[in-house]
Structures are given as C-alpha cells and as structure tokens.
C-alpha cells in the first residue's frame, strides 16, 4: 500500500491553481477538480503544474459554464476548453479532452524516443520499402578509342 505523501503520482504533489470567474468555488467543486484533473497524472508523469479557469456567463437567460485547463509540461503545454450547461459536465468534458491529448502526446513521444525508435536508429532503417538496385555506373573514360577522352567532351565533337 502506498502512502499518498510519498507516491509520486499523487495529486497532492502536482500544484493545481484554480481560478473562478463568477463562480463560487465550494469545497466539493475543489475536490471534484482534484479528482478529475489530478487523475491525468497517470497518463503523463512529467506534469509540472495545472492551471484551471472556471467561468460562468452572466447572460440572464442563457447560463453556461466554461472550464479551461492548461497542463504545464516540459516542452509544449497542453490546453483544453469545454463549455456546458452544468459546471460538473464542463469539468468532465475538459478532463476527457485532456486525457485524449495526453495519450496522443505519449504515443508521439514513444514513436520518437521509444525503444523501437532506438533500435531503428541503430539499424539505420525506418521501415521503408527497399529500392531496386541501381544500374552500374557508366565509365568516365572510354577505353576502346585511341585516346582517352572524357565522355562529356566526346559528345560535343
């Protein structure tokens, strides 16, 4: 059994910065965010920080919630945004989008830097179809004539 304080994938070790615009940030919303967004640490072990912005539109007839999240990673950051009628649905949608982005990133990195890529580099091949053998190169000098003239000069005589 792992301790949450010593587990490197624990959500307590990743700083999650939450900003709310026109939304009351209750303890339940805070816990829900930590569970949903913090669970993304299992897809990427190199998350440096997480920035979450929760917004509510102030239109009287059309109340909508937006959740946008930025994962700070080494290299390019991963961004995602979702809009829904319910705040919890928007958080769930943005967590799903981020999971998809992180899986794509992990696949791309494993293709570039994985063990198979390293083996291909050592072999010098990249899974390409071998080209047909080339025709033998023509001799540079003619050997049949009385004098040895380069081919490019002999064509202009």
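Quick look at the numbers
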| quantity | calculated |
| --- | --- |
| Residue exposure sequence - 63, 27 - by fewest surrounding Cβ within 10 Å | 27, 63 |
| Within segment 16-120, percent of DSSP bridges classed antiparallel, to nearest 5 | 70 |
| Two-decimal ratio, segment 16-120, of alpha-carbon radius of gyration to 2.2 N^0.38 Å | 1.24 |
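Just so you know, all these numbers are worked out from the coordinates, no wet-lab data involved. Not measured: the values here are computed from a predicted model. Cβ sites come from the backbone with ideal geometry, for glycine too, and all protein chains shown count toward neighbours.
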